[in-house]
Each structure stands twice: as C-alpha cells, then as structure tokens.
Amino acid sequence: MEKILIASPIGNLKIVANGDEIIEISFCDNCEQMEISNNKHSEILTHCADEISAYFRGEISKFSVKFKIEGSDFEKSVYEALLKIPYGEVLTYKQLATKINRPKAYRAVGNANAKNKIPIIIPCHRVVASNGIGGYSGGLWRKNRLLKLEKAKLKF
C-alpha cells in the first residue's frame, strides 16, 4: 500500500492506494507528517490528488480515478447509489433508502455513509436528513463546505 498527504480547503487528506486502486481517503487533522506531494508517487496517487485538487478548484464535478468499493452487500448498494447523485444535488437518507429498494432502512443508509472509506469521490456528503444537514464522519463543517462548493440547494 502507498499513501500521500495532500492539503485541501477542508484540511489535509490522506489518500491510500493498493496497486492501481484508491482504497481510502481520510480526513487527517492530526496525521503525523507524511510526504506532502513533492515526492514521486505512483500514477494512481498522483491522478487522485490531481483530481481532488481540480474538484476543489471547481474544474471537475466527476472523478475518473479508479477506486475499490468495500463493505457489506448493503453498504456497496448504498455506495453505488451515492455515485449516481449528480454534482450539486442532494437526497435525504430516506430517498436514498428508497432508491436501493429498502425504504425503511434510512438509518442503515446513514450508518453505511458513516463507514464510507472514500469520501468526496463516493459523495456521501450529498445525503442529508429530512429536517436538516444530517451527519458527516468528517465533521459537519466539512459537509457544509462540500455542499457549498457544489452550490447544492438544500430545502429545509
């Protein structure tokens, strides 16, 4: 496994690759100092770091970097559904549960979102509660920044 630490408007991000796939992106507020992208890294890490930087500059709205979705079958179904939410749009946990044909599993959808190992690329920030912003494993301030970056229209 290889990793890189990059700076972003929402704090440092640690990106981890295994072979030619991204397997993790984590918010890294208290990471030990790692190489910050001036060293030579694998093509996949460089590609991912470049795409995330372009996303934050508003230059891309979709990612092309190859990544590996891990989790239970239910979690994978949630992550696949998250990938279909367009840039700048949001769904409620209940709407997402309905999209995966599990309309009463909206709390389980929230739990799956909390376990998402590849935030930003798998856009769990695009799922909100019916009556508010909901939760976010990286902190609500990050979720708000991501939604603001995407100019998402919240209806509550």
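The values are calculated or read from the model by the stated rules, or taken from the named source; none is laboratory data. Owing to the predicted nature of the structure, the values given are computational and were not obtained by experimental measurement. Ideal geometry is used to build each Cβ from the backbone, glycine not excepted, and the neighbour counts take in all protein chains shown. SASA here: full protein model, heavy atoms, side chains in, ligands and nucleic acids out. Shrake-Rupley method; radii C 1.70, N 1.55, O 1.52, S 1.80 Å.
A Cβ-based charge dipole, computed about the Cα centre of the chain with Lys and Arg at +1 and Asp and Glu at -1, lands at about 980 debye.
Rolling a 1.4 angstrom probe over the protein heavy atoms, how many square angstrom per residue are accessible across segment 36-119?
Working: 5050 Å² over 84 residues.
Heavy-atom SASA per residue in segment 36-119 reads 60 Å².
The portion of the accessible surface of segment 2-57 made up by carbon and sulfur, rounded to a whole percent, is 42 (1.4 Å probe; DNA, RNA and ligands excluded). Most simply put, the chain has about 75% antiparallel DSSP beta bridges, counting only bridges with both residues inside it.
Please give the helix 43-56 orientation as an angle from the longest Cα principal axis of the chain, in degrees from 0 to 90, rounded to the nearest 10. On a 0 to 90 degree scale, this one is about 60. Listed cross-link partners 3/99; 117/155; 99/151 are compared with a 30 Å cut-off, the Cα-Cα value being larger for 3/99.
Could you work out the longest stretch of the chain that avoids the trypsin sites (Lys or Arg not before Pro) located in DSSP loops with at most 13 other Cβ atoms within 10 Å?
105-150
Estimated purely from DSSP H runs of n ≥ 4, each contributing -39500 (n - 2.57), the mean residue ellipticity at 222 nm for the chain is -9500 deg cm²/dmol once divided by its residues. The string of couplings for segment 76-90 from the Karplus curve (6.51, -1.76, 1.60, θ = phi - 60°) is 4, 5, 5, 5, 4, 5, 4, 5, 8, 6, x, 3, x, 10, 10 Hz, one whole number per residue in order, with x for Gly and Pro. Extending 7 Å from the Cα toward the beta-carbon at both residue 14 and residue 30 defines two label points whose distance is 1.2 nm.
Taking each residue as 0.36 nm, the span from residue 68 to residue 50 lengthens on full extension beyond its C-alpha to C-alpha distance by 4.7 nm.
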